[in-house]
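The values are calculated or read from the model by the stated rules, or taken from the named source; none is laboratory data. For clarity, every value in this text was computed on a predicted model and none was experimentally measured. Virtual Cβ from ideal backbone geometry, glycine too; neighbours counted across all protein chains shown.
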């Protein structure tokens, strides 16, 4: 009888130890990851990056110190990206940014990883060439930079101030369906204007809309070597 009691107590102790060892939630289950969790934080230094564009030119965040940097997550296969550029809204916005009293750098970032890198570079390059714009498209095939920024959609926009601090991220505008077309007011122009006027960027986050970014399972950096390098386009701002 004593043997049975001892065995029962030992089993209960082992079960209790197993429950206590589980990760922490109030119900004993692992805490769920916040779907809206972003690695890059408003008011903190933006993650640094070193990426090549479609012409093989390397861009780093450090080289744009003292300038406002606008990042647009982009892919040529997304209807939202196509409409943004095809409507002329992106070009109009870039022109407006270029006329401001502060220097603004506009860069597209392509974190698509579910297709061969060579194909992504070739198709993205043709997309911009057909529109006759020279916007640098930074290739983030392994998704490292996209994940560091928490980029979720195309377009997902990020505005970095002259000190390298993330000042805004989220939606391009309040017109996801493109009803206002080229006349849509963008949060990017608003945020940069507020920075220029030394005002608080407010709101500094609006939920992004667009196509979900098709991140790959891993990088394919070997394909960066020996790929076709199209003719270099004019200007960092990306206008002919």
Condition (residue is under 19 Å from residue 210 (Cβ atoms) and assigned to a loop (DSSP other than H, G, I, E, B)) applied to the stretch 162-170: is it met by at least one residue? no
Enumerated strands (runs of 3 or more DSSP E) restricted to the stretch 43-148, each holding at least 2 residues that are surrounded by fewer than 18 Cβ atoms within 10 Å (Cβ to Cβ): 58-60
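Yes/no per residue for (1) farther than 23 Å from residue 51 by Cβ; (2) in contact with a helix residue (DSSP H, G or I) (Cβ under 7 Å, 6 or more places away or on another chain); (3) loosely packed, with under 12 Cβ neighbours inside 10 Å; (4) modelled with pLDDT under 95:
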| residue | (1), (2), (3), (4) |
| --- | --- |
| 155 | no, yes, no, no |
| 162 | no, no, no, no |
| 168 | no, yes, no, no |
| 188 | no, yes, no, no |
| 197 | yes, no, yes, no |
Can you give me the number of residues within the stretch 199-236 that are part of a loop (DSSP other than H, G, I, E, B) and at pLDDT below 95? 17
